[in-house]
Amino acid sequence: MHETGNAAGAASADWSATDLGDPLAWPDTLRQCVDIVLNTPLPMLLLWGPRRIVVFNDAYADLAGPRHPRAPGGRVPAVWPAPLAASPAALERALGGDVVRLERQRLSFLRDGAMESADYDLFYTPVRDGAAVGGVLCAVAPSAPPASVAAPADGLRILVVEDNLDSQYLVVEMLRAFGHEAEGVGDAENALAMLARNSYNVLFSDVSLPGMSGVDMAREALRLQGGLNVIFASGYGDALLRHVEFAHQSLQKPYELEQLQAALATVSKQLHSGV
């Protein structure tokens, strides 16, 4: 599948010919990870499950060369993709639960009958499926990015507040891949400390947090930074937000990546128009 228009998710791809099978039977973590892989503009792969199934996006297929199959992936590879084979020790660390960054890794890809090599930075993020690590996300970025893949001029500075650390890692990684500056914390107290030290365009917070609620935290955050744009994620619909007195956007959990992108696009438009 070659994406040419709006971002697509796992549900829109034909997985019948892959080893992952029907997306309706996937665990929620796998579905969310596949959505991230397919919607990320940078080359990205997902290594999933004990069979080591590999899912990749079209950006990685373009990097790997014209003979590489298109996305979606979902096959146990006969040959390990170069980003996963770069450091078996680092990959095992990620499978053990560590976040690993490898800088300036020389990767080689076959193009026009010859091997072409360049340096890339690799980012391994473990993905938990329940209590165990179910897989590893691998993002690939050129060590010296050309101007064409630099962060867009309208990139936002975003503080993500999410007490589920796995979800926090995934959202922050996705936002960075889309060209935004993103940081994550797990509770309101740490979020307010970050807001006291740094300036942000967007506060993206879960409504239900340990200790102070996301709504009360956002209220305090707006006292610290009056121009802050607030986006809430809630598993309870708008019931907890019905009487909130300040401007905000809200997303219903589980939300689609395109819904988050649309909310951030609204913020960017408002900032550019001076609203």
Requested in this report: Multiply the residue separation of Ser208 and Ala193 by 0.36 nm, subtract the distance between their alpha-carbon atoms, and state the gained length in nm to one decimal.
Outcome: 3.6 nm
Query raised in the report: So which residue, out of Leu102, Leu122, Leu20, gets the largest mean-square fluctuation from a GNM of the chain using Cα contacts under 10 Å as springs?
Result: Leu102
Query - Vicinal HN-Hα couplings computed from phi for the range 38-53 (Karplus, 6.51 cos²θ - 1.76 cosθ + 1.60; Hz; Gly/Pro x) - result: 6, 9, 7, x, 8, x, 8, 10, 10, 9, 10, x, x, 7, 6, 6
Requested in this report: Step through the residues of the range 89-105 one at a time and calculate ³J(HN,Hα) from phi using the Karplus curve (6.51 cos²θ - 1.76 cosθ + 1.60, θ = phi - 60°), rounding each to whole Hz and writing x for Gly and Pro.
Outcome: 5, 5, 5, 5, 4, 5, 5, x, x, 8, 7, 10, 10, 10, 9, 6, 8
Report task. Rounded to whole Hz and in sequence order, give me ³J(HN,Hα) for the range 200-209 from the Karplus expression 6.51 cos²θ - 1.76 cosθ + 1.60, θ = phi - 60°, writing x for Gly and Pro. Result -> 10, 8, 9, 10, 10, 10, 5, 6, 9, 10
**Report entry** Globularity ratio of the range 13-134, using Cα Rg and 2.2 N^0.38 Å
**Finding:** 1.05
**Report entry** By average C-beta atoms within 10 angstrom, highest first, the peptides 38-47, 161-170
**Finding:** 38-47, 161-170
Query - Cα→Cβ-extended label distance, 7 Å offset, between Asp98 and Val244, nm - result: 3.9 nm
Query - At R0 = 25 Å, FRET efficiency that the Cβ-Cβ distance of Arg128 and Val76 yields, to 0.05 - result: 0.70
**Report entry** Pairwise FRET efficiency - Asp163 versus Ala118, Cβ, R0 = 35 Å, nearest 0.05
**Finding:** 0.35
Query raised in the report: Between Ala265 and Glu181, 0.36 nm times their residue separation minus their Cα-Cα distance comes to what?
Result: 28.8 nm
**Report entry** Magnitude of the charge dipole, the chain, Cβ model with Lys/Arg +1 and Asp/Glu -1, debye to 20
**Finding:** 380 debye
**Report entry** Stokes-Einstein D in µm²/s, Kirkwood radius over Cα pairs - the range 193-275 at 4 °C with 1.567 mPa s viscosity
**Finding:** 97 µm²/s
Report summary line: The answer for Gly134, listing residues at least 5 apart or on another chain whose modeled amide H is closer than 5 Å to its amide H, is Val127, Arg128, Asp129
Query - Sites Asp19 and Leu251, calculated FRET efficiency, Cβ-Cβ separation with R0 35 Å, nearest 0.05 - result: 0.65
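Rule-based calculations on the coordinates, nothing more; no lab input. Just so it is clear, the model here is predicted, and its values are computed rather than measured. Note: ideal-geometry Cβ built from the backbone for every residue, glycine included; neighbour counts use all protein chains shown.
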